[in-house]
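**Q** First the structure, which I've put down as structure tokens, then a few questions once you've had a look.
The values are calculated or read from the model by the stated rules, or taken from the named source; none is laboratory data. Just so we're clear, the structure is a prediction, and the values are computed from it rather than from any experiment. Counting neighbours? That spans all protein chains shown, and the Cβs are built from the backbone with ideal geometry, glycine included. All accessible areas refer to the heavy atoms of the entire protein, side chains included, with ligands and DNA or RNA removed. Shrake-Rupley method; radii C 1.70, N 1.55, O 1.52, S 1.80 Å.
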Amino acid sequence: MYFWKVLGTTTEDNQVLIKYEQQEVIVQVITEEIVRLFVPCWMKEYESVAIEGEPAVPCDFDVIEQQGQVQIKTPAVILTLGDDFKFVFTDKYGDEILSSYDGDRKKYEALSEEDLGLVESEGHQMAFMQKEHVVQQLFKLNSEDRFYGMGDKTGFLNKRGYAYQNWNSDIPQIHHENMPALYKSIPFVIGKGPGYTYGLFFDNTFHSYMDMGKESSEYFFYGADGGNFDMYFISGEKIPDVIEHYTYLTGRAPLPQLWTLGYHQCRWGYDSAADIRDVAMKMRQHQIPCESVQYDIDYMDGYRVFTWNEEEYGKKGELISELEEKGFKAICIIDPGVKEDKGYFMYDQGIKNGYFAKDKDGNVYVNTVWPGKSVFPDFGREEVRQWWANNHLKLTDMGVKGIWNDMNEPASFNGPLPNDVQFSINDRLTTHEEVHNVYGHFMSMATYEGMAEITGKRPLVITRACYAGTQKYAAVWTGDNQSVWSHLQMLIPQICNLGMSGFTIAGTDIGGFGGDTNPELLVRWVQAATFCTFYRNHCAKGQLMQEPWQFGEKVLDIYRKYVELHYRFLPYIYDLLFESQITGLPVMRPLVLHYEDDENTFNLNNEFLVGENMLVAPIVEQGVTKRLVYLPAGNWINYWTKERITGNKHIIVDAPLDIMPIFIKEGSIIPMYEDVQYVGEKKYDKLKLLVAGDCAWGSHYQDNGEDFEYMDGQYNLYSFTYENGQLDTDMLHEGYEKYNSIEVELL
Ligand code: GLC
């Protein structure tokens, strides 16, 4: 990108157009806090996939041109742009937050052909090959800068020192700490340094690169193989403000149905109705609360989407209604690849109507996935999404309640899809290179819209691949992890970073998907996931069975204890999801989100908060039965021992196999429900309030947990105050049937 000198500016509505000798730059004031810095080096009329509608609101700002510099001042941010696209963002007091880095990239030592051959001959892979990108911007890096967010990237909470890529990738191999990319592309990062906090969202769906200080300690950089430089600078006093502003832009996860937050059991390998029935019955027999035994690919006829394998799974709808009577809801997997098979309705319809992606010569593009040779719907087009959405009727007619979208990177077994495969975004024909990272997004959108329209309920869509903004349509899981301790450890930073990137409904496969789990790992995993908003045990064919009863009574009892705990805390989790509609904040939060000036939280990878009032410190190491816990400022009460501890210090806590340390913040009230085997087993007409301390406050949200009536005011919002042994209840909103009783339990 070349710019040279600033020639002049023109301002229209929220936009300032800055003419450079070589380039045009558009600064758009979206809100007082969000300023978009847009270099249309590819396409000026670009319509975002992540941001729907027009986010810009009328705001006051000044444009000052002086000595070859342009200054754009909103009440919260000042952007100064100079020659050669040098820029500085400062806060309203003029203190610098972020600026361009004006030097060149530091060159890596290049290996000679001979050395490269030598290194590779032992099987080493060159993890990093330095490359200049067509879109590239360097930013000044301060020694204390830290980075959070960035979606599902591997490694630790703080992304400083790592280099990542955004290219949705199906990775069945072990997910290492320094893996460049996994299934999701969320090019959003929260930057944090002494006295400043900001967010950067790079809205570009091409293969992109974010090096957060690995290449150099002087700069971090963003690069992309195509598209525009389209950066949203998001200011905020604190991390929660930045998340609120980012989710204002890209959207927030809608309130889910209450049951979807319950426990789910799955295995790729429940090959028949008998298998599914058996697992469901054992769930009830062993009294492990459970909402679904999920249908992985084998339920389909030859892996043809929207069909049913009657030979193995019985007559359409029969098993589903049989299990529904016992409280099980059917959730089915749907992959994007449509089997190339004349006579199969999906294939025939798609071919007839031209719904599948084509190669560069205009022939329908074929690759291989589970069904064998398969073709790929062009989900970026509205009519293709509508067609896909309508097909869900075939499943809902059988009683299916939720959809699990997988393989939508899109994954392919016969080599990657070439970049020039033709796809569309709305009516614009483009290529795989631009669409790859939003393929899962468009598929989730189609599924969400279909399920919402057909069922009238809040859809449960779970997706593996996504882009920024997909949180409006789908919950996510972190894909094919493995039964190893490092993957359990990664659960905390990964779910916290996904949460800070807008994905409030997320989970990992409990027990690990690939590889064989073991009793201790399984127990510690179900514990650590207790507060995940997607709570599912899942594993692959051919691995050791890992249902809760596979490892004897002791494991079963502990497993049950934590699934029950998850259900008891459901109203607290649901309250946080209600709050998330307004703030965009996740349920599982790293401590740094609320204690960002406390340096003990900066790199804290093995504990997390649930909302603001609960702190959880799981055991994520083999053989450990005691651990160090950092309690931040305030008084905390140990949920198990009831001990009151003043924070701002580290403590050592006992954690035998059946204990995952949990602390409740003094002064808070946590709503709880009674035990059930599944949501809907009995009416939740009793609320229990866990009161922490002599003087406490809390709020609680209640609705029918199913449909969209809450949007018309059919919900209750309670405010509770507990003082002098007395509970006072205030109704902040009344629009739904209230509880029969509200009980207090003092902690
Ligand atoms: C992929 C999914 C996994 C699923 C399997 C079979 O590996 O990530 O969850 O079980 O495909 O459908």
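**Q** How many residues does segment 62-95 hold that are on the phi < 0 side of the Ramachandran plot and without any contact (Cβ under 8 Å) to a residue 40 or more places away in the chain?
**A** 12
**Q** When segment 346-372 is examined, which residues are found to be exposed (fewer than 14 other Cβ atoms within 10 Å of the Cβ) and at negative phi?
**A** Of everything in segment 346-372, those that are exposed (fewer than 14 other Cβ atoms within 10 Å of the Cβ) and at negative phi turn out to be Asp348, Gln349, Lys352, Asn353, Lys360, Asp361, Asn363.
**Q** Restricting segment 185-199 to residues that are surrounded by 24 or more Cβ atoms within 10 Å (Cβ to Cβ) and of a type in the set (Val, Ile, Thr), which is farthest from His245 (Cα to Cα)?
**A** Of everything passing the filter in segment 185-199, Ile186 is farthest from His245 (Cα to Cα).
**Q** Test Lys342 against the criterion of being away from the ligand (no atom under 16 Å from the Cβ) and open to solvent by 60 Å² or more (accessible area, probe 1.4 Å), and give yes or no.
**A** Yes: the conditions hold for Lys342.
**Q** If you don't mind, another one. Any residue in segment 96-111 that is modelled with pLDDT of 85 or more, surrounded by 14 or more Cβ atoms within 10 Å (Cβ to Cβ), more than 18 Å from Gly191 (Cβ to Cβ) and in contact with an Asp or Glu (Cβ under 6 Å, 6 or more places away or on another chain)?
**A** No, that holds for no residue.
**Q** Consider only pairs whose beta carbons are under 6 Å apart and that are at least six residues apart or on different chains; among these, list those whose first residue lies in segment 200-213 and is within 20 Å of Thr247 (Cα to Cα) and whose second residue is part of a loop (DSSP other than H, G, I, E, B) and of a type in the set (A, V, I, L, M, F, W, C).
**A** Asp203/Ala50
**Q** Out of Thr721, Thr729, which single residue is more than 28 Å from the chain's Cα centre (by Cα), touching a residue at least 24 places away in the same chain (Cβ under 8 Å) and under 22 Å from Phe569 (Cβ atoms)?
**A** Result of the check over Thr721, Thr729: Thr721.
**Q** May I ask you to verify whether Gln173 is surrounded by fewer than 22 Cβ atoms within 10 Å (Cβ to Cβ) and closer than 22 Å to Ile234 by Cα?
**A** no
**Q** What are the pairs with Cβ atoms under 7 angstrom where one residue, in segment 411-427, is within 26 Å of Gln386 (Cα to Cα) and the other, located anywhere, is within 16 Å of the ligand (Cβ to nearest atom)? Sequence gap at least six, or different chains.
**A** Ala411/Asp170; Ala411/Val369; Ser412/Asn367; Ser412/Thr368; Ser412/Val369; Leu417/Asn367; Leu417/Pro410
**Q** Name, by its number, the condition in (1) more than 16 Å from the ligand (Cβ to nearest atom); (2) open to solvent by less than 10 Å² (accessible area, probe 1.4 Å); (3) of a type in the set (Val, Ile, Thr) that does not hold for Ile403.
**A** Failed condition: (1).
**Q** Is it the case that some residue within segment 462-471 is more than 16 Å from the ligand (Cβ to nearest atom), part of a loop (DSSP other than H, G, I, E, B) and either under 25 Å from Ile582 (Cα atoms) or in contact with a Gly (Cβ under 7 Å, 6 or more places away or on another chain) (or both)?
**A** Yes, that holds for at least one residue.
**Q** Continuing with this model, one more query. Hey, could you check segment 18-71 for residues that are in a loop (DSSP other than H, G, I, E, B) and of a type in the set (S, T, N, Q) and say which is least open to solvent (accessible area, probe 1.4 Å)?
**A** Looking at the filtered set, the residue picked out is Thr31.
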